Structure formats: C-alpha cells, structure tokens
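Asker: Take a look at the following structure, please.
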Amino acid sequence: MRCPYCQYEESKVIDSRPAEERKRRRRECLRCGRRFTTYESVEIPMRVVVKRDSSLEPYDRNKLLNGIYHAIKKRPVSYTQVNEIADKVEETYTGSWHSQLTSAQIGAVVLEQLREIDEIAYIRFASVYQDFRDASSFISAIADLGEHKKEKEK
C-alpha cells in the first residue's frame, strides 16, 4: 500500500475494524510517519453467462429476477421467495472457481426451486428456458412434474 503523501510502499497497520462489509485500516507510513486510512473488501469475480448460441454476457441478477417475475405473474409466490431463488443460484456457483456459467446451469437451479414453490410458475419458466415448440413439450413437462410429485410423496 503506497503512502498517499510520499508514495513510499511500506506502512504498518495501527488499527483495524469492520466497516460496512469491508475492513477499515488506519496505517502509518514507515518513511514520513503520516497516517492514512484504507479500506479492504472482498473482490467478487466477474461472472459471465454463456448463452445457448455460445455468446457471452455479464451475469445480471436483475435479468434473472425479471425472468422469474414473468413466470410467477399472478401466482401466490412472494418477492422474498423470488429473491431466495436468485440467492440460491448465486450461492450454488459462488464457491466454484469458474467465472463462466451456462444459461443451462442457471436455469436448472431456478427450475429446481420453482418446482418446489409453484407448479404453474415452474411450467411457465420451463416453457421459456427449455424453448417449448409445441403442445407435446408442455405435456411432457407436466408429466415429469407429476412424477416428481409422486416421488416426493413417497
């Protein structure tokens, strides 16, 4: 850490305390003796989403939330539950070393969560995520949902 006054690169930490999700440190320059404050925070790696067409775009939580909101429109799903789904997606991939996520990975986590919360929202999201082309795709998804429900009841 360079001293802002004399640009010397060595300093010692005088005081350290938490401050708004960061660490506040008071430092003293070892050359000029002047004191200054630094803040330390965790660097969050930039996440990139690999789309179906192999294009890349930065991960955008708001875009994910909007997709989920469309699926839950006029359904008894709370905004808290929607945020929990987005949190689950982020928590699932936060520990991984990969900065690239596929839209398929994200969609799978969302579908898993929606299946437990609301079946209609699940089908709505699946129809867009899995790109349903005809009625048989809907019928197949509904049949899978029914099988999952039977397994869950066992």
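Read-outs throughout are calculated quantities, based only on the coordinates presented, and are distinct from any laboratory measurement. The structure displayed is predicted, hence computed values, not measured ones.
Asker: In Å, what Rg and Dmax follow from the Cα atoms of the chain?
Answerer: Looking at the chain, its Cα Rg and Dmax stand at 23.6, 76 Å.
Asker: In vacuo Debye scattering of segment 1-82, one point per C-alpha: log10 I(q)/I(0) at q = 0.13, 0.21 Å⁻¹?
Answerer: Calculated log10 I(q)/I(0) at the listed q: -0.68, -0.96.
Asker: How large is ³J(HN,Hα) for each residue in segment 53-62, as worked out from phi by the Karplus curve 6.51 cos²θ - 1.76 cosθ + 1.60 (θ = phi - 60°), to whole Hz, x for Gly and Pro?
Answerer: So the Karplus estimates, Gly and Pro as x, are 7, 6, 6, 10, 8, x, 5, 10, 4, 5 Hz.
Asker: Another one. Give the Debye-formula value of log10 I(q)/I(0) at each listed q (0.14, 0.16, 0.23 Å⁻¹), with one equal scatterer per alpha carbon of segment 1-43, two decimals each.
Answerer: Relative scattering, expressed as log10 I(q)/I(0), comes to -0.31, -0.39, -0.71.
Asker: If you don't mind, another one. Let me have the relative contact order for segment 1-43, percent, based on Cα pairs under 8 Å that are six or more residues apart.
Answerer: 32
Asker: OK, next. Could you pull out every one of the aspartates and glutamates with an alpha carbon less than 16 Å from that of LYS12, ignoring same-chain neighbours closer than 8 positions?
Answerer: Straight-distance partners of LYS12: GLU28, GLU40.
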